[in-house]
Amino acid sequence: MLGEDSTPHPQERSRREQSEDPEFLQLLDPSGQRVARPELDRWLADVDGEGGARVLAGLYEDMVVIRRIDMEATALQRQGELALWPPLLGQEAAQIGSGRALRQDDFVFSSYRENGVAYCRGVNLNEILRVWRGNASSGWDPFEINMATPQIIIGAQTLHSVGYAMGIQFDGADSVALAYFGDGATSEGDVSESMVFAASYQAPVLFFCQNNHWAISEPVTLQTHITLAERAGGFGIPHVRVDGNDVLAVLAATREALDRARQGGGPSFIEAVTYRMGPHTTADDPTRYRDANELEDWAAKDPILRLEKHLESRGLLTQELRERVAAKSDEVAGVVRNGVITMPEPEAMDVFKHVYATPNSWLSRQEDHYRRYLAQFEHHGASAAGHVSGGQH
Amino acid sequence: MATMTFARAINAGLRKAMENDPKVVLMGEDIGTLGGVFRITDGLQKDFGQHRVLDTPLAEAGIIGTAIGLSYRGYRPVCEIQFDGFIYPAFDQIVSQVAKLHYRTQGLVKVPLTIRVPFGGGIGSPEHHSESPEAYFTHTSGLRVISVSNPQDAYTMIQQAIACDDPVLYFEPKRRYHDKGEVDEGLDLSAAPSMESARVLTQGSDVTLVAYGPLVKTALDVAVAAGDEGISVEVIDLRSLSPVDYPVVEASVRKTGRLVIAHEAGQNGGLGAEIAASLTERCFNYLEHAPVRVTGFDIPYPYSKLEMHHLPDLDRILDGVDRAMDRPNSLSSLDGADD
């Protein structure tokens, strides 16, 4: 009947979580207990075996450190040292579990929120925040850490990852290309096209979707009526839905998908169900669109807390480990902060650099004109910046 | 020297580039088994294999986006956009990624991508098959845009585009595909004129006529017809649309004092506007008459029974020359500040 719409509002639907879904892969339950899943356990021989304590401590350290980087960056933004920052708070298990499953020769194409993955790839901590200070459009050399610089256009990088994977295929290599993207990105045409290409060519690519439930203010239910993992099924791509706040489930699922790709089994899709505990960016105010109760529910599922419970249950959360991880976090945060504060400022004429790889007559002329324009002010003992802001209004 | 069609010359250039560099791969819709809807890639998949000549799914953003990924991996993809009007789904990947990656990464990531676009009208096609979208791309920094007008340039410049470390949009005038010309296949690329350079095709003293792609042939006909009436036209084939070789055009206009620009694309915000403005800035004092544009109308490309009214032809360009010459038979009064 007209006016009686029984479809629940997206916001309503978003509250119905599907964690009881039998397909939902979890290896650590919220109380930190290890759950047996035979199909995934085989990928965690190192975790479950004799050296397991060391592996778990490593994952724990990584998660704590990237949370600290994240908090430091947020603080730097609040202090006016960064223009903007997209927090990853709450997504530590998804980023470390997947990032630590990779091989050096794999290649990552990510969005702007995967700074925890960049940490796994060995990014120079002095430079990781360069983009967010406005000193460059990239924070690292993609070929040094085999990770493309952050993609801001939503979903665009998924196609790049598939193309890279096609190149791996042509080369006869067994590396894998990774595409990181969020729940909102799955609505973009590029993401669908990337799955078409990946399936058609059986390219060695892993689509790693962090469903953090929010695309700025829009709940994931506005993007899809089925699970995001099920989307991949329509393209004929093997897919799993894992607890993205469970670092072991993420690690195991990623290892399985990478292995499939290396063996010539083509693309896979992982939906890591997690939660964006912070704002979209430091410019966002989530209290305008989401319920405080929802945040509280997810705080109880905090990925670091969960791993701590697990470590505790195995008697591994020692004072020594806590102190070591705290010291490492302090050290990393110090390097990151110092890198920001001491970052060299770009020169005015850098604005023209690298537009083209080869000389371009039109741009050279514009550059030359601007150089001569600026030189006029030097001649008169004033900087161009002084002129621009200098009370001529 | 060999006589070959325009289409065959592109094919031969692609073949040469693929022989010279194993990283050159071709991608596009129907380009493999079929050899492309215009047969430009005819026989290449058979000779180089399916990994060098890829039939892709029907997704233009997908073609360009995956080509970017291949560039990251060290490949030099050459993408065919089947028709000019089909390029728009790929617009975001071209403008936001292809054009900006080198700048974004401070020169660390090169995108040596060539995008071939059969463009322009005159073949009696339905909608979306006859467009001239070049100005969208000349407006985007980070891209190089070229258009070829004859088989020799088609052969040479496709190889230059592929060898270039910058992304290049290569606009092919599809209505000239069957024109024949002499092609020197032994031409040494390093000895060929730069891809950025314009070329003066006829020396003239009265009017400079600038054209590119499909209208270069028409412009040459104009020079002959005008010559019969005692007007000496200097025809310049622009070849590079971004950047424009302004020194060549400027030298000509300083000599003739009159400038006519012809293109099939609409006038508003088109390449003719940019050239007219730039030449006015550069040599205002040498101009005897305001620059004249002869272009397609600012309409969606019309249905084929009317396309001859839209496309600048010999007579309309001659009329433009007359306007530049202030000849009384011209329609200059329609063009003045009074309307």
Ordering of A:111-121, A:313-323 by packing [mean C-beta count within 10 Å, highest first]:
A:111-121, A:313-323
Pairwise burial B:A, computed as accessible area of each alone minus the pair, summed, 1.4 Å, Å²
3800
Prolate/oblate/rounded label for the range B:2-191 (Cα gyration tensor, a/c 1.5)
rounded
In whole angstrom, note down how far apart the Cα centers of the range A:193-209 and the range B:201-235 are.
52
Heavy-atom accessible area per residue, the range B:2-191, 1.4 Å probe: how many Å²?
32
Can you tell me which lysines have their Cα less than 26 Å from the Cα of residue A:301? Leave out same-chain residues fewer than eight positions away.
A:309, A:328
Rg/Rg_ref, chain B, where Rg_ref = 2.2 N^0.38 Å and atoms are Cα
0.99
Where does helix B:215-228 land angle-wise versus the long Cα axis of chain B, in degrees 0 to 90, nearest 10?
30
Where both partners of a DSSP beta bridge lie in the protein assembly as shown, what percent of those bridges are antiparallel, to the nearest 5?
15
Cα principal axis extents for the range B:199-332, largest first, Å:
41, 34, 25
Other chains near B:245-254: what is the mean number of their Cβ atoms within 10 Å of each residue's Cβ?
1
In µm²/s, what is D for the protein assembly as shown at 37 °C and 0.692 mPa s, where D = kT/(6 pi eta Rh) by Stokes-Einstein and Rh is the Kirkwood radius from Cα pairs?
115
If you take all C-alpha pairs in the range A:10-341, what percent of them are over 34 Å apart?
18
Highest average packing first - A:138-149, B:188-199, Cβ atoms within 10 Å
A:138-149, B:188-199
Counting partner chain Cβ atoms within 10 Å of every residue's Cβ in A:188-197, what's the average?
5
Straight-line reach from residue B:46: which aspartates and glutamates fall under 13 Å, measuring Cα to Cα and dropping same-chain residues less than 8 apart?
B:55
For chain A, accessible area per residue (1.4 Å probe, heavy atoms of protein chains only), Å²
43
Reach of residue B:110 by Cα under 20 Å, taken over lysines that are not fewer than 8 positions away in the same chain
A:353, B:23, B:100
Based on Cβ point charges of +1 for Lys and Arg and -1 for Asp and Glu, what charge dipole magnitude is obtained for the protein assembly as shown about its Cα centre, in debye rounded to the nearest 20?
1120
Taking every other residue with Cβ under 12 Å from the Cβ of residue A:296 and scoring Lys and Arg +1, Asp and Glu -1, one gets -2
Looking at the square roots a ≥ b ≥ c of the eigenvalues of the Cα gyration tensor of the range A:60-160, which shape do they give, rounded for a/c under 1.5, prolate if a/b is larger than b/c, or oblate?
oblate
Per-residue average of Cβ from other chains inside 10 Å of B:75-82
1
Rounded to 5, percent antiparallel among DSSP beta bridges of chain A:
10
For chain B, the longest stretch holding no chymotrypsin sites (Phe, Trp or Tyr not before Pro) located in a DSSP loop with at most 14 other Cβ atoms within 10 Å is which?
B:1-296
For the range A:165-177, just list the computed ³J(HN,Hα) in residue order, Karplus coefficients 6.51, -1.76 and 1.60, θ = phi - 60°, integers in Hz, with x standing in for Gly and Pro.
5, 4, x, 4, 4, 4, 7, x, 8, 10, 6, 10, 9
What is the helix-to-structure angle for B:151-163, meaning the angle in degrees between its Cα long axis and the longest Cα principal axis of chain B, kept from 0 to 90 and rounded to the nearest 10?
50
Given Cβ charges of +1 for Lys and Arg and -1 for Asp and Glu, the option among B:135, B:78, B:149 whose Cα lies farthest towards the positive end of the dipole of the range B:2-191 is B:78
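The values are calculated or read from the model by the stated rules, or taken from the named source; none is laboratory data. Predicted model only: the values in this text are computed from it and were never measured. Methodologically, a virtual Cβ is constructed for each residue, glycine included, from the backbone with ideal geometry; neighbour enumeration extends over all protein chains shown. When the accessible area is computed, the model is the full protein with side chains, heavy atoms only, and any ligands, DNA or RNA have been set aside. Shrake-Rupley method; radii C 1.70, N 1.55, O 1.52, S 1.80 Å.
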